[in-house]
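Below is one structure, written out as structure tokens, with a few remarks after it.
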Amino acid sequence: MTDVKDMSAEQAKAEHQKLSHMIRSHDEAYYSHDAPVVSDAEYDRLRKRLLELETVFPGLVTPESPTQSVGIAPAKGFGKVRHKVPMLSLDNAFSNDELREFEGRIRRFLGLGPTEEVAFFAEPKIDGLSASLHYENGQFTQGATRGDGQVGEDITGNLKGVVDLPLEMKMQGTPVPELFEIRGEVYMSKPDFLALNAAQVANGGKIFANPRNAAAGSLRLLDTAITASRNLRFFAYAWGEVTEVPGATQSEVLAQFEKWGFSVNPLSRVCANMEEAIDAYRKIEELRASLDYDIDGVVFKVNRLDWQDRLGFVSRSPRWAIAHKFPAERASTVIEGIEIQVGRTGALTPVARLHPVTVGGVVVSNATLHNEEEIARKDIRIGDTVLIQRAGDVIPQVVEVNFEKRPEDSQPFKFPTKCPVCGSHAVKEINETTGKEDVVRRCTGGLICRAQAVERLKHFVSRNALDIDGLGAKLIEAFYEDGLVRSPADIFTIEKRDTSPGNLTRIKNREGFGEKAASNLFKAINDRRNIPLDRFIYALGIRHIGQGNARLLARNYLTFENLRSSLSQSGEAAGTAYAELLNIDGIGAAVANAIVEFFNEEKNQQMLDDLLAEITITDFEAPTRDSSIAGKTVVFTGSLELMTRQEMKARAEGLGAKVSGSISAKTDYLVAGAGAGSKLKKATEFGVTILSEQEWLDLIGR
Ligand code: IVH
């Protein structure tokens, strides 16, 4: 065999390719089929040779190289599936009082009288992964993961191996509808999880931290035969796109699911009112340890489907359902240090570095300390023994300090007044509306601050923003460090600028970033040159503008030019534009100020110009284009009797209308309830169409 040192680059590359291929196929045989074809010694020899090649020719190290991973590569190459009905998540309640508040919100929204009871359907919250299953004329045709709720991955083949997933719906009860999308949770039982890990230990395979991870890992395997061997199970609890709903309540529909051959969790039951629901929670919690699968709470759903319909959704979760999670798991450990992280908006967030400890099966080594006040209030110090808790996916928190174990020489923690990254002053701003000092200390460095600049870029490419595949936090940091990407527009010009050796090449070598990875990345970037307005607004990372507010702005301004030109005005026009912004139902002063400030900052103007030279922002599309009120502006006034104001508003927005708080020349409709006063007068002056409640409901087809 030629000594690696004597090889030319081409020879090395060719041998590297051959070896990589051989190792990958041995990996596949060993890990995926439990059927190795070479001896361990031979396998080790191949890997050693590969490593030698990469040591002498570092350019050969790519993320795909077998030296960069053990075992089979994570499943790639699943097709995408767009969910016609988005897959939502659930709001959480942490106490019985929060459950009662949830009921109160429902009653107010629906305008229920004091004697009318709201029945709930209580179901265990299964700790697994949600999946969507399409049935056409009763045949299973396609299955997908939840993904980001809008687009998931096509895992049809893997789902076919799930134990209690019928490939064909049974003809029982209500006839099978033409199209029925069942939704539910894929999970692994505790005994199957333990058996899998035992087998993995014996085979030198990957050990899973908990049944949920094991289910996730098993579901996304490229080899569907292995998925089938993992004994995954499924509970049905919801539905998506359907031609017909087989019942008038959640309980009726789930009873039909069972007749069709799906597993419905046996602990689910109807509760006549909230007090019964609270009791159901207690009973399920008592049973938790004895179940042979993990649950992490109880989900409550309004049982009547007509009410579910009317209640609708708020951004990503339904108004008609809530999850009451079980209390967090706790453990005691020592704080080894307190580190200050600087976020996208300059907020200084203290993080406790902990002596690693296992809490509920997961090793925890960091906990959030929230802010300066929290540290002072709990008197948290480095060296303290503390009680930490972890609830679901939430970042662990420090509950309390054990003062008896405090070291004698301990000192109160001094929160920095300068940014630990750029050295600028870090201040607590005065809230313009309340006049009070903010609890959060912020770095005043803006984009001069490396941390803020990098965090903004990370946010810009993140999943709910531009969602650039393969451009993760680590790569953004590397690109920033090398000066290759300093502002969002730079992301779109890397490819153009990647002509002279020296820029990307340097990073390629350091990050193990090969030709293939680079071309994939450029493709992912180019795929995002057309971006919907709401995503774009969210991506800008303006303070207080989360996904909900971004959508609200998109719906009201429709195009980016509109939004930008309106908010970059000066003088009197600026006043009018500001008033219009505040007029949007749901936008308060703090949010409005942050937006105006953003658009009037010179650096941001430049950033936007650069970016617009590279990408196209698609105009906001009203959710229902054929609705007669899409894009129209409506004002509600007076006391409404046919529906609560909140429901009127939600319905109008759902049909693509903008709801405003005051009358202007831009108002299309005024819906006047009893006792309408000055707005009615003003509407007449502006020639706005005035409708009664009933006329409005007729117009929107209700
Ligand atoms: S209902 C529109 N019911 O919890 C309602 N979700 O935190 C959508 N989950 O993504 C969800 N058990 O993965 C619902 N009985 C249950 C559930 C359940 C577990 C999961 C599901 C969802 C997540 C939301």
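The values are calculated or read from the model by the stated rules, or taken from the named source; none is laboratory data. Bear in mind the structure is a predicted one, so any value in this text is a computation, not a measurement. Using ideal geometry, Cβ is built from the backbone for each residue, glycine included, and neighbour counts are taken over all protein chains shown. Keep in mind that these areas ignore ligands, DNA and RNA; they rest on the heavy atoms of the full protein, side chains included. Shrake-Rupley method; radii C 1.70, N 1.55, O 1.52, S 1.80 Å.
Taking segment 306-346 on its own, how many of its residues are assigned to a loop (DSSP other than H, G, I, E, B), of a type outside the set (Val, Ile, Thr) and on the phi < 0 side of the Ramachandran plot? Adding up the residues that qualify gives 8. Listed by first and then second residue, the pairs with beta-carbon distance under 8 Å, at least 6 apart or on different chains, first residue in segment 123-152 and on the phi > 0 side of the Ramachandran plot, second within 11 Å of the ligand (Cβ to nearest atom), are 147/87; 149/86; 149/87; 149/88; 149/89; 149/316. In a residue-by-residue description of segment 174-183, the property of being within 16 Å of the ligand (Cβ to nearest atom), modelled with pLDDT of 90 or more, assigned to a loop (DSSP other than H, G, I, E, B) and more than 24 Å from the chain's Cα centre (by Cα) applies to no position. Scanning segment 94-142 for residues that are within 16 Å of the ligand (Cβ to nearest atom), closer than 17 Å to residue 264 by Cβ and outside any loop (DSSP other than H, G, I, E, B) yields 120, 121, 122, 123, 124, 125, 126, 130, 131, 132, 133.
Residues in segment 349-378 that are under 25 Å from residue 443 (Cβ atoms), not hydrophobic (A, V, I, L, M, F, W, C) and not in a helix (DSSP H, G or I): 349, 350, 353, 366, 368, 370, 371.
Kindly provide the set of residues from segment 655-702 that are part of a loop (DSSP other than H, G, I, E, B) and open to solvent by less than 20 Å² (accessible area, probe 1.4 Å), ordered by number. Give the derivation first.
First pass over segment 655-702, keeping only residues part of a loop (DSSP other than H, G, I, E, B): 655-657, 661-668, 673, 675-677, 687-688, 692, 700-702.
Within segment 655-702, 656, 657, 663, 667, 673, 688 qualify.
Residue 567 fulfils the conditions (1) farther than 28 Å from residue 494 by Cα; (2) loosely packed, with under 14 Cβ neighbours inside 10 Å; (3) free of Cβ contacts under 8 Å to residues at least 40 places away in the same chain except for a single criterion, (2).
In segment 258-316, the qualifying residues are those that are closer than 28 Å to residue 176 by Cβ, open to solvent by 30 Å² or more (accessible area, probe 1.4 Å) and of a type in the set (A, V, I, L, M), and the one that is nearest to the ligand (Cβ to nearest atom) is 267. Being in contact with a Leu (Cβ under 8 Å, 6 or more places away or on another chain) and either at pLDDT 90 or above or acidic (Asp, Glu) (or both) narrows it down to one of 613, 630, 622, 672, so name that one. Step by step, each of 613, 630, 622, 672 is checked, and only 672 is in contact with a Leu (Cβ under 8 Å, 6 or more places away or on another chain) and either at pLDDT 90 or above or acidic (Asp, Glu) (or both). Close contacts from segment 3-25, counting a first residue that is surrounded by fewer than 16 Cβ atoms within 10 Å (Cβ to Cβ) and a second that is β-branched (Val, Ile, Thr) and in a helix (DSSP H, G or I), with Cβ to Cβ under 8 Å and a gap of 6+ residues or different chains, come to 5/56. Return the residue satisfying two criteria in turn: it lies in segment 227-257 and is among the β-branched types (Val, Ile, Thr) and either buried (at least 18 other Cβ atoms within 10 Å of the Cβ) or closer than 19 Å to residue 125 by Cα (or both), and of such residues it is farthest from the ligand (Cβ to nearest atom). By that ranking, first place goes to 227. Once segment 438-457 is narrowed to residues that are among the small types (Gly, Ala, Ser) and within 26 Å of the chain's Cα centre (by Cα), the residue that is farthest from residue 417 (Cα to Cα) is 453.
Scanning segment 317-344 for residues that are open to solvent by 40 Å² or more (accessible area, probe 1.4 Å) and either under 30 Å from residue 542 (Cβ atoms) or touching a Cys at 6+ places or on another chain (Cβ under 8 Å) (or both) yields 319, 339, 341, 344. Only one of the numbered conditions (1) touching a residue at least 60 places away in the same chain (Cβ under 8 Å); (2) under 28 Å from the mean Cα position of the chain (by Cα) is violated by residue 269, and that is (2).
Restricting the first member to segment 47-67 and to residues that are at pLDDT below 80, and the second to residues that are open to solvent by less than 70 Å² (accessible area, probe 1.4 Å) and among the basic types (Lys, Arg), the beta-carbon pairs closer than 9 Å and six or more apart or on different chains are 62/508; 66/47; 67/47. Among the residues making up segment 184-239, those that are of a type in the set (A, V, I, L, M) and part of a loop (DSSP other than H, G, I, E, B) are 188, 207, 209, 221, 222, 232. Across segment 150-169, the qualifying residues are those that are more than 19 Å from residue 215 (Cα to Cα) and assigned to a loop (DSSP other than H, G, I, E, B), and the one among them that is nearest to the ligand (Cβ to nearest atom) is 150. Only a single item in (1) within 23 Å of the chain's Cα centre (by Cα); (2) hydrophobic (A, V, I, L, M, F, W, C); (3) within 16 Å of the ligand (Cβ to nearest atom) is not met by residue 351, and it is number (3). Scanning segment 154-173 for residues that are of a type in the set (D, E, K, R) and more than 30 Å from the chain's Cα centre (by Cα) yields a count of 2. Mind listing just one residue for me: the one in segment 532-562 that is open to solvent by less than 20 Å² (accessible area, probe 1.4 Å) and not in a helix (DSSP H, G or I) and, of those, nearest to residue 667 (Cα to Cα)? Ranking the candidates gives 545 first. Screening 338, 322 for residues that are among the β-branched types (Val, Ile, Thr), at pLDDT 90 or above, under 17 Å from residue 92 (Cα atoms) and touching a strand residue (DSSP E or B) at 6+ places or on another chain (Cβ under 6 Å) leaves exactly one candidate, 322.
When the criteria are applied in full, residue 195 fails the requirement of being touching a Leu at 6+ places or on another chain (Cβ under 8 Å) and either away from the ligand (no atom under 14 Å from the Cβ) or at pLDDT 90 or above (or both).
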